[in-house]
């Protein structure tokens, strides 16, 4: 089995899929006779359930724009009922709303992942963020991290070389005032030659200065791709995050046959 993250497929363990599916079905059964849900269906759906595709389309449109005036009352009540479910269960708002309309069991994500990148005047900062259920295997977590890291930084995720780290550490230890002045570099080069010159040779103090400047730039400003997926504001206050799950398998439900 595999999990879709962007255009990548990451293997998931079968037991992890089954555990998440069992939790999804069990929670759905716990609230299948919820009074608020049944009252909504009686009032707006004539006691029936809708199709999965139609329900998803309605919720998607509800999240993207205000509903048509004739649907305003149904949309407002749907939001109220879905919010009540979200307070009781670990469901996303959109999934809870779809459940109210068609009874489709919301998937409880064992892993949620996204990337972030921020730019500051003197540096930038990137993060691979994972929310992980404690029962997910180490292998699955590592695979998710590697995939998201490659989306954030591509092939430029290698760290500083040992030589670059040595140059940075040496200059920062030797210089108390900052930044180093032009006449500091010949003195630094002589000290470098006495301590580290044999291991990491440089031809002259100009080369040492260039090596320092390159290492500093690399440390302060990594080369990030545009964060994927972007954390967009959600109309209902719920961040949009990538579903890390098997797209080809989900708990069965009679409503699926109507889609």
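The values are calculated or read from the model by the stated rules, or taken from the named source; none is laboratory data. This is a predicted model, so every value here is computed, not measured. Here the Cβ is made from the backbone with ideal geometry for all residues, glycine too, and neighbour counts use every protein chain on show.
Where helices (runs of 4 or more DSSP H) fall wholly inside segment 4-113, the ranges with 3 or more residues that are surrounded by fewer than 16 Cβ atoms within 10 Å (Cβ to Cβ) and without any contact (Cβ under 8 Å) to a residue 40 or more places away in the chain are 14-31, 35-44, 52-64, 72-88.
Taking the listed residues 186, 201, the one that is surrounded by fewer than 17 Cβ atoms within 10 Å (Cβ to Cβ) and touching a helix residue (DSSP H, G or I) at 6+ places or on another chain (Cβ under 6 Å) is 186, with no other qualifying. Inspection of segment 157-164 finds a residue satisfying the criterion of being under 30 Å from residue 111 (Cβ atoms) and in contact (Cβ under 8 Å) with a residue 24 or more places away in the chain.
Return yes when residue 218 is out of contact with any strand residue (DSSP E or B) (no Cβ under 6 Å at 6 or more places or on another chain), closer than 26 Å to residue 149 by Cα, modelled with pLDDT under 90 and surrounded by 16 or more Cβ atoms within 10 Å (Cβ to Cβ) and no when it is not. When the stated conditions are applied, residue 218 passes them.
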